[in-house]
Amino acid sequence: MYNYLFNLFICLKNAQVANRSFILQPRKNICESFLKIIWKEGFILGYTICDRNLKIIKIFLKYKNNKSSISSIKIVSLSGRRLFYSISEIWSINSNKMFIIFSTQKGLNSITDCKKYKMGGEPYIILY
């Protein structure tokens, strides 16, 4: 599970630095739920499942004034160093400066959804 998601993070970061318009990634459920969250928040233009090969996702990247919409991606919780936040710790985080995606018991959720549904979890990634 971690390998596919971390590979997607790194490919997004490298593609934005190279000013690519889209990237192709293997289709996994965890990757699709991550893409759904960052699409809803406006970090990417969208994603589609390729017609020829149903196991590939095409991700369309977003730019503002020739600058990438994702300026920095930071992976927080690794397999050797796992972090967990309770709901009180999540409320103490200022969500105006960064966007954090948490793995909760109900799947991947953004920091605003975690605050809304009052649940803690493991932070995967921080987007600036």
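Annotations for the structure displayed:
- Of all residues making up segment 9-23, the number that are touching a helix residue (DSSP H, G or I) at 6+ places or on another chain (Cβ under 9 Å), free of Cβ contacts under 8 Å to residues at least 40 places away in the same chain and among the aliphatic types (A, V, I, L, M): 1
- Yes/no for Ser72 being in contact with a helix residue (DSSP H, G or I) (Cβ under 9 Å, 6 or more places away or on another chain) and surrounded by fewer than 12 Cβ atoms within 10 Å (Cβ to Cβ): yes
- Just one residue in the set Arg82, Arg52 is among the basic types (Lys, Arg), in contact (Cβ under 8 Å) with a residue 12 or more places away in the chain and either not assigned by TED's automatic domain parsing to the domain that holds Phe9 or not in a strand (DSSP E or B) (or both); that residue is Arg82.
- On the stretch given as segment 104-116, residues that are touching a helix residue (DSSP H, G or I) at 6+ places or on another chain (Cβ under 9 Å) and free of Cβ contacts under 8 Å to residues at least 24 places away in the same chain total 4.
- Search result, residues across segment 1-12 that are closer than 19 Å to Tyr128 by Cβ and surrounded by 15 or more Cβ atoms within 10 Å (Cβ to Cβ): Leu5, Phe6, Leu8, Phe9, Cys11, Leu12
- Selection from segment 1-49 of residues that are in a helix (DSSP H, G or I) and of a type in the set (S, T, N, Q): Asn3, Asn7, Asn14, Gln16, Asn29, Ser33
- Residue satisfying all of: in segment 13-31; under 18 Å from Leu108 (Cα atoms) and surrounded by 14 or more Cβ atoms within 10 Å (Cβ to Cβ); nearest to the chain's Cα centre (by Cα) among these: Cys31
The values are calculated or read from the model by the stated rules, or taken from the named source; none is laboratory data. This structure is a prediction, so every number in the text was calculated from the model and none was measured. As a convention, Cβ positions derive from the backbone with ideal geometry for all residues, glycine included, and neighbour counts pool all protein chains shown.
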